[in-house]
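Sharing a structure, written as structure tokens. Questions coming.
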Amino acid sequence: FGAAGTDDPLYEAVSAGRKHQGVEHWLPFFHERLETLFDYLPKASVMLDDQVTPTRLARWDSVADQYETRALALENKSRGDSVYKPVPAGLLYLDDAAWEAAIAGRRVLQLAALPQAIGADVVDAGGRLGRNFAPERQQENIGLFNALKDHIEAKMADGPVLLASYSEGARERLEGLVEDEGLIGAVTVTHAGALGKRGLYLAVWALEHGFESPGLTVIAEQDILGERLIRSPRKRRRAENFLSEAQSLSPGDLVVHVDHGIGRYLGLEVITAAGAAHECLTLEYSEKARLFLPVENIELLSRYGHEEGLLDRLGGGAWQAKKAKLKERIREMADRLIRIAAERALRRAPVMQAEHHAWEAFSARFPYTETDDQLRAIEDVMADLEAGKPMDRLICGDVGFGKTEVAMRAAFVTAMSGMQVAVIAPTTLLARQHYISFSERFRGFPISVRPLSRFVTAGEAAKTREALARGTVDIVIGTHALLAKGLRFKDLGLLVIDEEQRFGVAHKERLKQLRSDVHVLTLTATPIPRTLQLSLSGVRDLSIIGTPPVDRLSIRTYVSEFDGVTLREALLREHYRGGQSFFVVPRISDIAGIEEFLKSQVPEVTYVIAHGQLGARDLDDRMNAFYDGKYDVLLATTIVESGLDIPTANTMIIHRADMFGLSQLYQIRGRVGRSKTRAYAYLTTKPRMKLTTTAEKRLRVLGSLDTLGAGFTLAAQDLDIRGAGNLLGEEQSGQMRDVGYELYQSMLEEAIAKIKAGEMEGLSEADEKWAPQINLGVPVLIPADYVPDLDVRLGLYRRLSGLHGKVELEGFAAELIDRFGKLPREVNMLMLVVRIKSMCKRAGIALLDGGPKGATIQFHNDKFASPQGL
């Protein structure tokens with residue numbers, strides 16, 4: 001291998017018994033020759049798609065180019081550099097000659113999409129594109145389903161009819177739709193072999209369009225309903241499940257126990273109680289005192305949220321005193337929030353409503369299917385505009401999830417009600433993007449849309465200002481130029497603020513003055529921590545858009561050491577498919593090295609540099625040039641973090657990803673994958689550098705987190721700690737430090753709910769979080785040989801403690817079987833104990849000790865609601 005001893009990564013890895021990344025590429029050195037699939041299937045026929053040849057040749061060119069680039073890098077390396085040593089491509093892959101030799105003498109069936117002259121070697125397979133019900137969709141639904149029913153009944157005379165849907169949830173809904181039309185008895189199948197000679201069938205098959213062939217009709221979900229049925233909430237739940245598992249504790253973390261205060265989590269330990277194994281979380285308190293908490297009561301723990309803190313004394317009174325003092329403070333804060341909300345409710349604002357047909361026509365122009373969350377946000381905003389009091393609503397959602405559409409609908413209603421709209425963005429690029437999309441969307445309606453930023457000439461800007469004062473401009477879109485003191489509106493009705501947190505203090509003050517009696521809609525892609533969501537729930541209304549658009553593909557994410565050849569290939573692949581790429585570095589000082597890499601290794605692409613030390617005008621010009629497609633690559637610092645919407649940019653390379661926070665990485669990665677094109681993100685680290693445990697965990701979580709919108713929740717959790725101080729103020733941050741942010745948050749939430757319900761006395765003892773203790777002398781644990789990964793096990797315990805009722809527990813059990821196999825007895829017992837615990841909580845039972853001779857029951861606070869009921 002030519003390994004140069006100790007400084008070679010391959011040598012180091014083999015010596016340490018570690019797997020070296022890409023080690024499989026050296027496989028040819030260990031065998032006379034490598035077998036292919038053709039060697040294992042010597043007599044098999046081969047079926048080839050019509051795109052096989054161009055795809056195969058393009059792939060071979062890419063592999064050969066990689067080999068040559070690596071060979072060149074090896075030749076030019078300076079002493080001491082560790083460079084990957086490539087193997088000739090022909091030893092690993094079939095070149096053109098080897099491919100031809102492999103299929104020679106076999107029966108080859110070539111599929112062709114275009115009709116050929118029918119002859120001895122050409123057969124018509126008889127498949128035809130199925131019927132699309134688009135014309136009927138334009139009419140009322142009655143026409144569509146009648147036509148579908150007639151079509152199905154006619155086709156069933158010739159053979160089976162199969163309705164194909166994308167997901168299980170969509171299949172259920174499709175089944176309901178056809179049953180409503182009187183087509184009862186559709187059978188669900190999993191493969192084509194299960195189809196009978198006649199009848200109606202349903203299957204989960206990912207087909208864009210249906211087809212008809214002799215004796216079979218397939219109708220796809222999209223043929224009937226157009227855009228796919230809205231996804232079921234399962235995907236989002238899966239994301240939340242993943243998060244609660246990813247957010248599990250590591251030994252050494254500080255935690256807060258509701259009754260005993262701040263302790264240190266040491267790990268999971270199996271202890272034997274009443275002759276049965278029971279898994280517990282071991283917590284250490286001051287003076288090395290230990291507490292064993294049964295896993296089924298894990299909900300009594302919350303993460304402290306800070307790296308350091310003083311451990312409480314087990315059994316001491318200090319913790320309870322601290323909590324009681326805080327409870328009073330929290331009540332005051334909740335009171336203040338409720339008062340602000342009440343004052344706001346007394347102010348008046350004009351009622352806005354659009355004429356029904358105009359509204360329908362405007363909404364129908366939206367080219368996509370609205371997601372559930374988007375529809376909910378639109379309904380919330382419309383209700384606010386009709387309520388006659390000033391709206392102050394925050395729309396919080398991931399980039400590209402459709403916040404702008406909500407703002408456009410609000411702007412439409414306001415303008416059609418005869419009032420003006422101002423849309424304010426923090427950068428000229430964002431303002432320009434909004435202006436382009438608003439102009440497109442409002443074309444053809446009697447609504448005038450004008451821009452106001454430094455890209456508008458002085459003459460044009462003056463005209464726009466006059467028109468605003470006269471009332472002949474309905475919607476104005478711009479940057480902080482709209483906040484200038486001299487700007488006058490004839491009748492401002494709605495203020496839309498994009499990314500408010502990026503405006504300076506003076507601008508925020510000016511926004512407050514404008515706010516008094518106009519409707520305000522704020523859009524943000526920065527996740528709002530849950531702590532603040534509830535603080536804000538008293539002050540302003542919140543709509544969260546957490547579902548990605550239908551058909552959005554998740555971003556493929558790779559985490560690896562910096563490797564020039566891989567990055568060259570990634571940049572060229574994006575370049576050749578007509579797209580653009582981002583190359584993000586953590587510090588301005590890193591730019592020069594990456595610029596040198598782009599010049600020497602990827603001369604085929606053009607690039608532009610952007611960072612925060614450039615003048616505002618220069619930075620804007622560069623960003624706009626990239627937006628207009630004048631460059632292939634934007635080499636930038638974290639200024640690309642939020643708001644940029646460039647659908648053609650679908651490759652993201654993050655240099656030294658270990659230097660970024662989790663929410664930052666997520667926000668930066670969110671710049672790509674904004675269209676239906678698959679996007680790629682490469683998180684690179686310094687070669688041969690040992691990462692800190694936190695950095696490694698962060699990158700691992702992000703690498704595996706490809707559920708859309710899930711990262712938004714994840715970033716919100718990451719921000720929970722860091723974001724709290726600046727929005728809640730320093731005092732609250734200090735209080736949060738006393739008890740940890742999770743417990744603080746739940747106490748505040750409870751206080752607000754109680755005051756709203758009119759129970760002004762704040763939190764009583766009865767509201768305290770508590771959990772029944774159950775001892776039944778049976779083993780209660782998830783065995784280590786069933787789920788070996790400790791983090792996953794802890795995450796599962798955490799999820800299990802939050803489940804209620806038989807249905808949720810059954811679902812959890814089914815998931816465990818899918819993931820880990822048949823449930824062992826200990827897990828069945830654990831599920832049973834969790835169910836009994838939930839029943840005890842409802843009945844107010846604090847302790848249940850059971851054994852062969854009977855059971856002992858103790859009630860919570862020694863109170864029993866209905867003694868006579870015993």
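The values are calculated or read from the model by the stated rules, or taken from the named source; none is laboratory data. Because the structure is a prediction, the values reported are computed rather than measured. Please note: Cβ atoms are built from the backbone with ideal geometry, for glycine as well, and neighbour counts cover all protein chains shown.
Which of the helices (runs of 4 or more DSSP H) contained wholly in region 788-860 include at least 1 residues that are under 13 Å from L776 (Cα atoms) and not polar (S, T, N, Q)?
825-843
The rows are residues; the columns are (1) within 37 Å of the chain's Cα centre (by Cα); (2) at pLDDT 85 or above.
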| position | (1), (2) |
| --- | --- |
| K149 | no, yes |
| I152 | no, yes |
| L163 | yes, yes |
| Y166 | yes, no |
| L202 | yes, yes |
| L207 | yes, yes |
| S213 | no, yes |
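Condition (residue is buried (at least 22 other Cβ atoms within 10 Å of the Cβ), in contact with a helix residue (DSSP H, G or I) (Cβ under 6 Å, 6 or more places away or on another chain) and over 20 Å from Y682 (Cβ atoms)) applied to region 644-662: is it met by at least one residue?
no
Identify, please: which residue in region 446-474 is within 25 Å of L523 (Cα to Cα) and at pLDDT below 90 and is, among those, surrounded by the most Cβ atoms within 10 Å (Cβ to Cβ)?
Filtering region 446-474 for residues that are within 25 Å of L523 (Cα to Cα) and at pLDDT below 90, the one surrounded by the most Cβ atoms within 10 Å (Cβ to Cβ) comes out as S453.
All but one of (1) out of contact with any helix residue (DSSP H, G or I) (no Cβ under 8 Å at 6 or more places or on another chain); (2) buried (at least 16 other Cβ atoms within 10 Å of the Cβ); (3) farther than 23 Å from D65 by Cβ hold for I609; state the number of the condition that does not hold.
Unmet for I609, out of (1) out of contact with any helix residue (DSSP H, G or I) (no Cβ under 8 Å at 6 or more places or on another chain); (2) buried (at least 16 other Cβ atoms within 10 Å of the Cβ); (3) farther than 23 Å from D65 by Cβ: (1).
For region 555-612, list the strands (runs of 3 or more DSSP E) that sit wholly inside it and hold at least 2 residues that are touching a Leu at 6+ places or on another chain (Cβ under 9 Å), over 17 Å from A625 (Cβ atoms) and not charged (D, E, K, R); which are they? I'd like the intermediate steps shown before the answer.
On the way: elements: 556-561, 580-584, 607-610.
Because the criterion is at least 2 residues that are touching a Leu at 6+ places or on another chain (Cβ under 9 Å), over 17 Å from A625 (Cβ atoms) and not charged (D, E, K, R), the strands (runs of 3 or more DSSP E) in region 555-612 that meet it are 556-561.
Something else now. Any residue in region 373-387 that's crowded, with 22+ Cβ neighbours inside 10 Å: show its pairings with residues that are of a type in the set (S, T, N, Q) and modelled with pLDDT of 90 or more at Cβ separation under 8 Å, as long as the two are six or more apart or on different chains.
L385/T414
Of the conditions (1) among the hydrophobic types (A, V, I, L, M, F, W, C); (2) more than 21 Å from the chain's Cα centre (by Cα); (3) not in a helix (DSSP H, G or I), I653 clears all except one; give me its number.
So I653 meets the others, but not (2).
Take the residues in region 740-757 that are in contact with a strand residue (DSSP E or B) (Cβ under 6 Å, 6 or more places away or on another chain) and in a helix (DSSP H, G or I), then tell me which one is modelled with the highest pLDDT.
Among residues in region 740-757 that are in contact with a strand residue (DSSP E or B) (Cβ under 6 Å, 6 or more places away or on another chain) and in a helix (DSSP H, G or I), the one modelled with the highest pLDDT is L743.
Pairs under 8 Å by beta carbon, first residue touching a residue at least 24 places away in the same chain (Cβ under 8 Å) and closer than 14 Å to Y166 by Cα in region 185-208, partner among the polar types (S, T, N, Q) and assigned to a strand (DSSP E or B), six or more apart or different chains?
L202/S165; L202/T188; A203/S165; A203/T188; V204/S165; W205/S165
Can I ask one more? Only strands (runs of 3 or more DSSP E) wholly contained in region 247-363 count here; list those with 3 or more residues that are crowded, with 18+ Cβ neighbours inside 10 Å. Quick ask: steps written out before the conclusion?
On the way: elements: 254-257, 261-273, 276-284, 290-294, 301-303.
It comes to 254-257, 261-273, 276-284, 301-303.
Something else about it: L174: touching a helix residue (DSSP H, G or I) at 6+ places or on another chain (Cβ under 8 Å), under 15 Å from H151 (Cα atoms) and crowded, with 18+ Cβ neighbours inside 10 Å, yes or no?
Considered against the rule, which asks whether it is touching a helix residue (DSSP H, G or I) at 6+ places or on another chain (Cβ under 8 Å), under 15 Å from H151 (Cα atoms) and crowded, with 18+ Cβ neighbours inside 10 Å, L174 comes out as no.
For region 27-60: of the residues being closer than 15 Å to L94 by Cα and among the acidic types (D, E), which is surrounded by the most Cβ atoms within 10 Å (Cβ to Cβ)?
D39
Also: Here is a check on your reading of the model: is E370 under 20 Å from M416 (Cβ atoms), modelled with pLDDT under 90 and of a type in the set (D, E)?
Numbers: under 20 Å from M416 (Cβ atoms): yes; modelled with pLDDT under 90: yes; of a type in the set (D, E): yes.
Here the answer is yes, as E370 does meet what is asked.
Taking the residues in region 666-692 that are of a type outside the set (A, V, I, L, M, F, W, C) and part of a strand (DSSP E or B) as candidates, determine which candidate is surrounded by the fewest Cβ atoms within 10 Å (Cβ to Cβ).
Filtering first and then ranking leaves Y680.
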